[in-house]
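**Student:** Have a look at this one.
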Amino acid sequence: MEGKGYTQDGTVDLRGRPVVASRTGRWKACSFLLGYEAFERMAFYGVASNLVVYLTTQLHEDTVTSVRNVNNWSGSVWITPILGAYLADTYFGRFWTFTVSALIYVLGMALLTLAVSVKSLRPSCINGVCGSATPLQIAFFYTSLYVIALGAGGTKPNISTFGADQFDDFDPREKKLKASFFNWWMFSSFLGGLIATLALVYVQENLGWGLGYGIPTAGLIVSLFVFYVGTPYYRHKVRKTDNPTKQIFRVLLKAFGNRRLELPASHTDLYELDHHDYVVTGKRRVHYSPGFRFLDKAALKDDSTAGGTSKPYTVTQVEETKLVLRMAVVWLTTLVPSTIFAQVNTLFVKQGTTLDRRLGHGFQIPAASLGSFVVISMLISVPLYDRYFVPFMRRRTGNPRGISLLQRLGVGFAIQVVVTLVASLVEMRRMQTVRAHGTAGAKDLVPMSIFWLLPQYVLLGIGDVFNAVGLLEFFYDQSPEDMQSLGTTFFTSSIGAGNFLNSMLVTVVDRLTRAGGGKSWIGENLNDSHLDYYYGFLMAISAINMVVFLWISKGYHYKEESIEVTEVTTSSVEMEVRLVEEKPLSDAQV
């Protein structure tokens, strides 16, 4: 295979034929994908970043209700990828799952554009004041939103993993290129978000919501056309396990059934296939690791004393289950950081609406546009991280990534603790201004520039270069071979769960602080609330979460895998060669 120039990882074209490495994949193929990612992010952030404004000004929802609805929808957008990834890994593959889901996504955007454009589908407005929406109008609007969420379920987990599939893990040159892939993938994503928060938000508030949603809809359609033009250059992973998700549960059940049996003194006595079996199937071998030792009982060679009649599972199958459990533990520590980021499209925006947004004479910045500084700081930080920080740290650590995956996450989590501290201090300053100028009314404008919020937005952007990009790369890298789409949903679902968690926190905190006639921390009138207390609460749970993350990271074992291939020597003797992809020592530390 290698002698004919084929890829070493066994990837194929759309018809299932081996692909020539020099003609397919790499950045040549990824260039067709980046356009879609940029337009999809533009569409998503074009809706999400200003949705709370539409709900409060056009549908007349109160602050808590609008924040809850935005979080619930955003959470759904990030949770549905679990279904899309399962369908891709188990049945249809990434390409076809993405194809169908992208069409559903476009349909949802088209329906949403109609919902804010067609007179019979939106509330009637006179001189900028809109009446109450009818139940039918509300139902159509939210149906459109959740059709988008359904479409996103199949596109989000598959487009990024499909892009990563274009690089051969077992070709040293391509592996080096892949180390930068997720940085530049997120760069294109941030670029789409920047256009949304700078241009689309302004179009929505000044030229019309229909035009503001119609532009990204048209962009999505064009980007899909470009995506399919690149079809001849794409590489496709071959699924080597019939149902990888079922296998995880079967290993757990097998280990539970053998719970009373003793483990052998050495893990080498556990059941594993011969090298030849891996050569024939092309499946990667995952090497034994300590931890979750109770699962090793699923690989006992002789479980007859427990009444076992089925074959034992291999060490590789057991290790794949361990990988999923380890990722699940790390996933739990990502929920609080995701909750912090959820403030960008909710409370940060509402906070901005109370401040002086004038820029020059006659121009007023939409509150949601300040979110563009999150994206701008990301766009500046990603090239700096990839071109300067990584080479600098690589020379000192010997790690190809510069720092380990978990170290990268740790830096991002630490920055988010600082974000909550800064947000709390700025809010205290805002409330001092309210008291000093007597602007405590619900519609009073606080004589304080909106740019006071700038530091928390910029810090969030810098933190996300470590946090968001690091999470996507971590969950893809540490997933079992046949579960990389599903593994990536650990990233998307953490964002979704963070939105749901924020929705729950906002509701609970509002009710508890209002109990007994008290003043709500997150009231309808932010000029007479205690948002600084809420940000202080978020800082406290962020700091606690950081400590837990560091403790978990100390005992984390990274994936080590190998691929067995056949190689024909000059003497025409066929040999089995093990190519082991060892993780650097520094990747096992935090």
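The values are calculated or read from the model by the stated rules, or taken from the named source; none is laboratory data. Quick caveat, the model's predicted, so the values are computed rather than measured. Positions of Cβ are generated from backbone atoms using ideal geometry, with glycine treated the same way; all protein chains shown enter the neighbour counts. Areas reflect the complete protein model, heavy atoms only, side chains present, ligands, DNA and RNA absent. Shrake-Rupley method; radii C 1.70, N 1.55, O 1.52, S 1.80 Å.
**Student:** Check the range 483-490 and report whether any residue there is assigned to a helix (DSSP H, G or I), over 17 Å from residue 326 (Cα atoms) and modelled with pLDDT of 85 or more.
**Tutor:** Checked the range 483-490: no residue is assigned to a helix (DSSP H, G or I), over 17 Å from residue 326 (Cα atoms) and modelled with pLDDT of 85 or more.
**Student:** Additional query: Checking the condition closer than 30 Å to residue 524 by Cα, open to solvent by 40 Å² or more (accessible area, probe 1.4 Å) and within 27 Å of the chain's Cα centre (by Cα), which residue from 373, 348 passes?
**Tutor:** Details: 348 fails: open to solvent by 40 Å² or more (accessible area, probe 1.4 Å).
Of the residues listed, the single one that is closer than 30 Å to residue 524 by Cα, open to solvent by 40 Å² or more (accessible area, probe 1.4 Å) and within 27 Å of the chain's Cα centre (by Cα) is 373.
**Student:** In the range 396-446, what residues are within 19 Å of residue 384 (Cβ to Cβ), without any contact (Cβ under 8 Å) to a residue 60 or more places away in the chain and buried (at least 18 other Cβ atoms within 10 Å of the Cβ)?
**Tutor:** 402, 415, listed by residue number.
Matching residues to (1) in a helix (DSSP H, G or I); (2) open to solvent by less than 60 Å² (accessible area, probe 1.4 Å); (3) closer than 30 Å to residue 247 by Cβ; (4) modelled with pLDDT of 85 or more:
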| position | (1), (2), (3), (4) |
| --- | --- |
| 60 | no, no, no, no |
| 64 | yes, yes, no, no |
| 82 | yes, no, yes, yes |
| 86 | yes, no, yes, yes |
| 101 | yes, yes, yes, yes |
| 106 | yes, yes, no, yes |
| 115 | yes, yes, no, yes |
| 120 | yes, no, no, no |
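**Student:** Right, here's the next one. Conditions first: (1) buried (at least 16 other Cβ atoms within 10 Å of the Cβ); (2) assigned to a helix (DSSP H, G or I). Residue 388 passes all but one, so which condition is the exception?
**Tutor:** Only one criterion in (1) buried (at least 16 other Cβ atoms within 10 Å of the Cβ); (2) assigned to a helix (DSSP H, G or I) is unmet by residue 388, namely (1).
**Student:** Could you tell me whether residue 43 is assigned to a helix (DSSP H, G or I), in contact with a Lys or Arg (Cβ under 8 Å, 6 or more places away or on another chain) and either touching a residue at least 24 places away in the same chain (Cβ under 8 Å) or surrounded by fewer than 20 Cβ atoms within 10 Å (Cβ to Cβ) (or both)?
**Tutor:** no
**Student:** A further question follows. Residue 328 fails exactly one of the following numbered conditions: (1) surrounded by 20 or more Cβ atoms within 10 Å (Cβ to Cβ); (2) among the small types (Gly, Ala, Ser); (3) within 19 Å of residue 480 (Cβ to Cβ). What is the number of that condition?
**Tutor:** Single failed check for residue 328: (1).
**Student:** List every residue pair whose Cβ atoms sit under 7 Å apart, with the two residues 6 or more apart in sequence or on different chains, where the first one lies in the range 202-225 and is within 13 Å of residue 43 (Cα to Cα) and assigned by the TED database to the domain that holds residue 54 and the second, anywhere, is open to solvent by less than 50 Å² (accessible area, probe 1.4 Å) and charged (D, E, K, R).
**Tutor:** Partner pairs satisfying both residue conditions: 220/40.
**Student:** Moving to a separate point now. Quick check: is even one residue across the range 222-237 under 26 Å from residue 490 (Cβ atoms) and open to solvent by 90 Å² or more (accessible area, probe 1.4 Å)?
**Tutor:** Checked the range 222-237: no residue is under 26 Å from residue 490 (Cβ atoms) and open to solvent by 90 Å² or more (accessible area, probe 1.4 Å).
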